[in-house]
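Colleague: Take a look at this one; I'll ask things after.
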């Protein structure tokens, strides 16, 4: 992926100097999937649903999302200029801004850029205390994407998903959740959660996550059209990452068995299929997982 030399976003905040600790999210109990290894724990955010409101509400046994809380913080710092990984993240984020601004404008809407926060360990958010063990996540309450860059090392060494475009796919997926939030999709799904069974909630989560994968594919399509920065093997990296983080693959690694009714993100095949659908069509309209009869 030929990313160096392209525009970097100004919307990256560096909270890595603040450390973290204290409370946060609990995993392994409640209504979630049991976690068997550290590698699986580090992607718990994806296993259970990237939206922290879902994690706070459903996994703790509640009915809806946790209320947003205001955070009084010092002005956000910018990443050091010599931090190559931060520059990579800022470059990918900038391109998602370009793509989604154009896509929204074509539909007569205005796209609001999300912020992306780099952190280590734990970080306060408008959705509660976030932790590295969640994996990357998006908080609708403050419209920010949060990522501990150590997750990329986990992808490479423990999940078998190396490569810079696999890393870009992670960011694009989280930005896909921001797109859902702006379009009102997230609010509609959250409003339905308290009125449905656990199985139905899981099924809705799968459709939400697969749509974010499809949106990531739309970004990749439009991005390649404008920049031509993808190289041989890049698409395969993203498809491999989607395969490695499918619910069936993660459950097989953590507990040795697969329980489809407990899926919250979709199987490896489904994640690959919806990413490819967005990639091949470049169309937001082709990503309506909620009306699809078959996923």
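Coordinate-derived values only; no laboratory data. As the structure is a prediction and not an experimental result, all values here were calculated from the model. Counting neighbours? That spans all protein chains shown, and the Cβs are built from the backbone with ideal geometry, glycine included.
Colleague: Want the number for residue 4 to residue 198: 0.36 nm per residue separation, take away the alpha-carbon distance, what's left?
Modeller: So the chain would gain 65.4 nm between residue 4 and residue 198.
Colleague: Computed FRET efficiency, Cβ-Cβ of residue 156 and residue 293, R0 51 Å: what is it to the nearest 0.05? Kindly include the intermediate steps, with their values, before the conclusion.
Modeller: Working: r = 37 Å, r/R0 = 0.72.
Efficiency, from the Cβ-Cβ distance: 0.90.
Colleague: For residue 226 paired with residue 269, estimate the spin-label separation in nm (one decimal), with each label point 7 Å from Cα along the Cα-to-Cβ line.
Modeller: A separation of 3.5 nm, rounded to one decimal place.
Colleague: Output the peptides 270-282, 244-256 sorted from most to least packed, where packing is the average of other Cβ atoms within 10 Å over each peptide's residues.
Modeller: 270-282, 244-256
Colleague: Follow-up question, since we're still on this one. Could you give the Stokes-Einstein D for the stretch 201-250 in µm² per second, using the C-alpha Kirkwood radius, 10 °C, 1.306 mPa s?
Modeller: Result for D is 130 µm²/s.
Colleague: Okay, moving on. I need the peptides 283-295, 231-243, 182-194 ranked by packing, meaning the mean over residues of other C-beta atoms within 10 angstrom, with the highest value on top.
Modeller: Listed from highest to lowest mean packing, they are 231-243, 182-194, 283-295.
Colleague: If you don't mind, another one. Compute the FRET efficiency between residue 82 and residue 191 as 1/(1 + (r/R0)^6), taking r as their Cβ-Cβ distance and R0 = 45 Å, and round to the nearest 0.05.
Modeller: 0.50
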